[in-house]
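The structure under discussion appears below in the form of structure tokens.
The values are calculated or read from the model by the stated rules, or taken from the named source; none is laboratory data. Note that the structure is a prediction, hence the values are computed from the model and not measured. In this analysis, Cβ positions are derived from the backbone assuming ideal geometry, glycine residues included, and neighbour counts consider all displayed protein chains. Ligands, DNA and RNA are excluded from the accessible area calculation, which covers all protein heavy atoms including side chains. Shrake-Rupley method; radii C 1.70, N 1.55, O 1.52, S 1.80 Å.
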Number of protein chains: 4
Amino acid sequence: MPLPTAFHDIAARVNNWGRWGPDDELGTLNLITDEVVRAAAACVRTGLRIPLALPLRRQMVQTGAIPGRIDPLHVMVQVNQELFGPGTVACNDDAVTMGLQAGTHWDALAHVSRSGLLYNGRPAGTVTAHDGAAFAGIGTVRHLVSRGVLLDVARAHGTDRLEGGHAVTPEDLEAAEELAGTRVRAGDIVLVRTGQIRLCLDGDRQGYAHPSPGLSIRTPEWFHARDVAAVAGDTLTFEIFPPEIPGLWLPVHALHLVEMGMPQGQNWDLEKLSTACGETGRYAFLLSATPEPFTGGTGAPVAPVAVL
Amino acid sequence: MPLPTAFHDIAARVNNWGRWGPDDELGTLNLITDEVVRAAAACVRTGLRIPLALPLRRQMVQTGAIPGRIDPLHVMVQVNQELFGPGTVACNDDAVTMGLQAGTHWDALAHVSRSGLLYNGRPAGTVTAHDGAAFAGIGTVRHLVSRGVLLDVARAHGTDRLEGGHAVTPEDLEAAEELAGTRVRAGDIVLVRTGQIRLCLDGDRQGYAHPSPGLSIRTPEWFHARDVAAVAGDTLTFEIFPPEIPGLWLPVHALHLVEMGMPQGQNWDLEKLSTACGETGRYAFLLSATPEPFTGGTGAPVAPVAVL
Amino acid sequence: MPLPTAFHDIAARVNNWGRWGPDDELGTLNLITDEVVRAAAACVRTGLRIPLALPLRRQMVQTGAIPGRIDPLHVMVQVNQELFGPGTVACNDDAVTMGLQAGTHWDALAHVSRSGLLYNGRPAGTVTAHDGAAFAGIGTVRHLVSRGVLLDVARAHGTDRLEGGHAVTPEDLEAAEELAGTRVRAGDIVLVRTGQIRLCLDGDRQGYAHPSPGLSIRTPEWFHARDVAAVAGDTLTFEIFPPEIPGLWLPVHALHLVEMGMPQGQNWDLEKLSTACGETGRYAFLLSATPEPFTGGTGAPVAPVAVL
Amino acid sequence: MPLPTAFHDIAARVNNWGRWGPDDELGTLNLITDEVVRAAAACVRTGLRIPLALPLRRQMVQTGAIPGRIDPLHVMVQVNQELFGPGTVACNDDAVTMGLQAGTHWDALAHVSRSGLLYNGRPAGTVTAHDGAAFAGIGTVRHLVSRGVLLDVARAHGTDRLEGGHAVTPEDLEAAEELAGTRVRAGDIVLVRTGQIRLCLDGDRQGYAHPSPGLSIRTPEWFHARDVAAVAGDTLTFEIFPPEIPGLWLPVHALHLVEMGMPQGQNWDLEKLSTACGETGRYAFLLSATPEPFTGGTGAPVAPVAVL
């Protein structure tokens, strides 16, 4: 099924192609200026650091439903190996095989295409089995540090976890923004909390996968209006799944990554951050979330840390 | 050959076992207090961000000499796959196999043992092929953000790159500290620049590997005296290689990781940082360098960013 | 729980340590003499070839219950890549990550140890994370071709598939031998059919895994009496699972691999072979089943073919 | 550069498209009839078995020049793990990551395409990053047993190893056939020995890779005339490399795999077989060489065994 008019109408309104030049591969990350980063550093009050990554290990997030997206298979290649002879210092070394989108990760702009096109109108064919993403791969993002703002939609709704069928709307975001006590502005990284990851943390991977609350197709326009740099969430699918419009799969992915050129993050553990923000009443912080720089990667693991 | 007296004498002087309790797995990272982090954030002046990680790709660092420590094999598992039918949004997904210590990385405390013991006197046997490091693995380090100080030893010596046989001494560190114009203090992450990584960046992996300049066996006492939280460098071997004392292999690894409980980083690209610090005359910055949280990992890739 | 007397009594009766010299790593495979192979070739009547391997692909056998034993993750590293310029011959290349025991495979003698010992009394410590099996690994088996005999226990019981709780006894083997119309003799490879793999072929991986019919602890003595070279079966666990004697786990593994030095095979698809043997009334054939020669492997995939 | 007339002329003469029907995926393997296999079994005289596979291990064949085609990275995921509690039977388990064409292997027909086409005129686009080869992948070859004939070109030339620049011609094949004392016939698997693999066995991987002796562009017509089922050799590149006609890369690959639909094998160790055939004066044998059945694989490891 080709993409419907409903999609194309929004796409036209949020499209950023050419905004940072025809060769730009960074999209909305261009909005993170030095000034934005200085202001982000000024958000640090207590020095408390809160990690937002899930542990990387077997049987963490993935159910096997997405082919090839395997949880980390961590293996030892040396165990207390006395490399230089008996009695010498002994070494441990390890290796891993994993899907780059298996755990807490960023999607690169090249993660999806629509109608044969990537961000900035580049052909989808620039992604190949041989080289991965030759355009707008995750390796082009060499640093990702900015102000982070937690939009705690679950808390704004007075719940620990939104229902599976809950589409997070612009109205939800604004209610959470009011709770946060700070206005989302250009260059911010917005973290949208639904509480869904509690299922994953409790070991219910199937329940975590779907049905899942998540962003409504109406939210990209809100992010676009605010000139957000990136958005991350605490679900597997990021957007509501199954989708709001039957047959229109992953529209938010396409609007963010292809039209706006805005990276998005999944499987972020926002539970401890929610607690800390709730206790202090402050929902803005320095967020350091640079993806691992895989050349040609269409996504990458990240170990984000909020500094409050 | 068992470890010589020279080693044990230093070991006795720098040993931190029990300092943070018998069950501690974090070692000198305990020195990074909230106060230290607040001060680190206050170092941010311009907002400029400088990435310190090498790209993750095939044929980057490793020569094959260290068995199992392979450069990333990045593969696509989906290329523009229209998962939900023709005309729908198309997805790209990838996977990787790599040595955890292959590129820019942190060594976990469990990376080496000596005389059958890890940090805090725990048995080396707590590292197994099945589970990796059950004690002091990299997964216990959930955040690593602090003040970073660049000790630019190469520049202090008036060169782009130290010779292969150059052992970096405490005197070298102090000369670089003077150049830096700031005193290294408790909780700092020290970045020691030799310039050796220029060989790697130029494609000479063999030359990069060895002979390599690096830390002298005399430096752990200096780091211990300053209560440094962690040290990272721009070489493959971290310490001088081949070693200063024939037959005494990897003594700095053992002193840092086992005796002091201090993480160390390798293959960090400090070239752009050196340029930026040289231009501004400021060598201290906010450093965000949280390792990927592999459960049981004895090391992990990291994408460090200095915020100046 | 240490191994009980019941185990040690049988172990003493079937033990082959030293039988082929103190340095032998091949065990009962020594029983496959040139003469045995000539006789095996003489079994070929029709020339019909029947493959006994399951396909190697994602989501085939493994449920994730055995840590690290992952189904093949097959990935393309080149897709129609014109390596030498536009218009030239284009190449496809692939790579795989998989557990060596994930699909149709042989266990090497080094696959299990008991009481700290491997076959021929060698220390279990000869298996290391660094080198794998330095003794009796699968790489020492450079060819495995002999007479194969199908003992179709399911058919002898008049069923397509034995119940999950069915322990295959020596009496079962003899009934199947009578059905086969040939006496099992020295150097034979015996294939024991339970029909359990039908569950796997039908997509029921959990049901296939357990409860599973399989060899009784009483069968190793029968194989020993006949001087069988190797035994393979159509289940995941090979022996009955859960075990016959509560708390005595994998006794047949230990008796075969450690005491007798006899390789064993799992996840063999014997369905088509059963049909062919039933139609012709002939249950003996040339069996070619050389494992992939992984140096230090404690098991390996195999693509066995019966030539009738 | 598009393929030259010289290529297309030969292609027209050896093309087998449609010969076994429009949906055929097996090509010349169809020539291995039951009758051929019966005759192959009748070749067994002594029962001696000779393995033709290189060991599968790190640092065996690959130099890193072919991206993604990595030598096996064999890792232990369990080492003497007492899975069911202290004192119970202990298990060793392993996993591997490797290029399917890294060691001794078969190329599937889908390994190469030319002008956008695979064997039988199917579109090259049937190979995808997601599924691998949907047509003519290695998984369609469920058994590969036939008469093998060693054409010992090196010996026929009175040398242990042909020079790097030696193109093996039809005349070379006929001289070797005369030495073999048997006429190559329909359904045979021909093994062409150059001796080049001695370099690999001696540890000279670079020298082994190229310059390499190998099949001339003139040989496909010879194999076609004899209706050979498959051809394997003892070099990395199979055909002479660098190529005979400058700019015409891998023409033999394209003629065999695409036009004829004939599988080809590389990195086969024919040294011991050469010795045995030389001693007995018999160069024909039963050859069992079934590839590992990777679904969608464009090649696969194989552990071939000649039974003399």
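Here are some notes:
- Yes/no for D:Arg58 being among the basic types (Lys, Arg) and either open to solvent by 30 Å² or more (accessible area, probe 1.4 Å) or more than 7 Å from every other protein chain (Cβ to nearest Cβ) (or both): yes
- On the stretch given as the range A:239-255, residues that are touching a residue at least 40 places away in the same chain (Cβ under 8 Å) and either within 11 Å of chain B (Cβ to nearest Cβ) or of a type outside the set (Asp, Glu) (or both) total 9.
- Tally, over the range B:1-36, of residues that are of a type in the set (Gly, Ala, Ser) and not in a loop (DSSP other than H, G, I, E, B): 4
- Residue list for the range B:141-171, restricted to those being outside any loop (DSSP other than H, G, I, E, B), touching a residue at least 24 places away in the same chain (Cβ under 8 Å) and open to solvent by 50 Å² or more (accessible area, probe 1.4 Å): B:Arg155
- Test: residue in the range B:144-164 that is within 27 Å of C:Pro67 (Cα to Cα), of a type outside the set (A, V, I, L, M) and modelled with pLDDT of 95 or more: no
- Filter result for A:Gly195 (out of contact with any Leu (no Cβ under 9 Å at 6 or more places or on another chain) and in contact (Cβ under 8 Å) with a residue 60 or more places away in the chain): no
- Qualifying residues in the range C:172-208 (those that are among the hydrophobic types (A, V, I, L, M, F, W, C), assigned to a helix (DSSP H, G or I) and open to solvent by less than 10 Å² (accessible area, probe 1.4 Å)) - the one nearest to C:Leu162 (Cα to Cα): C:Ile197
- Qualifying residue in the range A:263-272 (condition: farther than 21 Å from B:Ser146 by Cβ, over 11 Å from the mean Cα position of the chain (by Cα) and of a type in the set (Gly, Ala, Ser)): no
- Output for the range C:225-250, where each listed residue is open to solvent by 10 Å² or more (accessible area, probe 1.4 Å), within 16 Å of the chain's Cα centre (by Cα) and either among the charged types (D, E, K, R) or closer than 17 Å to C:Ala11 by Cβ (or both): C:Leu250
- The set of residues in the range C:37-55 being more than 17 Å from the chain's Cα centre (by Cα) and either crowded, with 20+ Cβ neighbours inside 10 Å or part of a loop (DSSP other than H, G, I, E, B) (or both) consists of C:Val37, C:Ala40, C:Ala41, C:Ala42, C:Cys43, C:Val44, C:Arg45, C:Thr46, C:Gly47, C:Leu48, C:Arg49.
Okay, residues lined up against (1) of a type in the set (Gly, Ala, Ser); (2) part of a helix (DSSP H, G or I):
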residue	(1), (2)
C:Asn80	no, no
C:Gly87	yes, no
C:Ala95	yes, no
C:Ser113	yes, no
C:Asn120	no, yes
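- Unmet requirement for C:Gly103, which otherwise passes all of (1) assigned to a loop (DSSP other than H, G, I, E, B); (2) facing chain D (nearest Cβ under 7 Å): (2)
- Breaking point among (1) of a type in the set (A, V, I, L, M, F, W, C); (2) over 18 Å from the mean Cα position of the chain (by Cα); (3) closer than 30 Å to D:Leu248 by Cα; (4) crowded, with 24+ Cβ neighbours inside 10 Å, for D:Val75: (3)
- Which numbered condition B:Ala154 fails, given (1) of a type in the set (A, V, I, L, M, F, W, C); (2) more than 9 Å from chain A (Cβ to nearest Cβ); (3) in contact with a helix residue (DSSP H, G or I) (Cβ under 7 Å, 6 or more places away or on another chain); (4) closer than 24 Å to B:Phe223 by Cα: (3)
- Within the range D:3-25, the residues that satisfy the criterion of being more than 16 Å from D:Leu117 (Cα to Cα), open to solvent by 60 Å² or more (accessible area, probe 1.4 Å) and not acidic (Asp, Glu) are D:Thr5, D:Arg13, D:Arg19, D:Trp20.
- Residue in the range B:30-52 that is out of contact with any Gly (no Cβ under 8 Å at 6 or more places or on another chain), more than 9 Å from chain A (Cβ to nearest Cβ) and closer than 26 Å to A:Leu287 by Cβ present: yes
- Residues of the range A:122-140 that are part of a loop (DSSP other than H, G, I, E, B) and either open to solvent by 20 Å² or more (accessible area, probe 1.4 Å) or within 14 Å of chain C (Cβ to nearest Cβ) (or both): A:Arg122, A:Ala129, A:His130, A:Asp131, A:Ala134.
- Considering only residues in the range A:269-286 that are within 13 Å of chain B (Cβ to nearest Cβ) and closer than 25 Å to A:Gln59 by Cβ, the one that is least open to solvent (accessible area, probe 1.4 Å) turns out to be A:Leu273.
- Within the range C:103-116, the residues that satisfy the criterion of being surrounded by 24 or more Cβ atoms within 10 Å (Cβ to Cβ) and not β-branched (Val, Ile, Thr) are C:Gly103, C:His105, C:Trp106, C:Asp107, C:Ala108, C:Leu109, C:Ala110, C:His111, C:Ser113, C:Arg114.
- Residues of the range C:71-96 satisfying the condition of being in contact (Cβ under 8 Å) with a residue 12 or more places away in the chain, aliphatic (A, V, I, L, M) and at the interface with chain D (Cβ under 7 Å from one of its Cβ atoms): C:Met76, C:Val77, C:Val79, C:Ala95, C:Val96
- Among the conditions (1) more than 30 Å from D:Thr46 (Cβ to Cβ); (2) hydrophobic (A, V, I, L, M, F, W, C); (3) within 14 Å of another protein chain (Cβ to nearest Cβ), D:Ala289 misses just one, which is (1).
- In the range B:44-60, residue farthest from B:Leu270 (Cα to Cα) [restricted to those that are modelled with pLDDT of 95 or more and aliphatic (A, V, I, L, M)]: B:Val44
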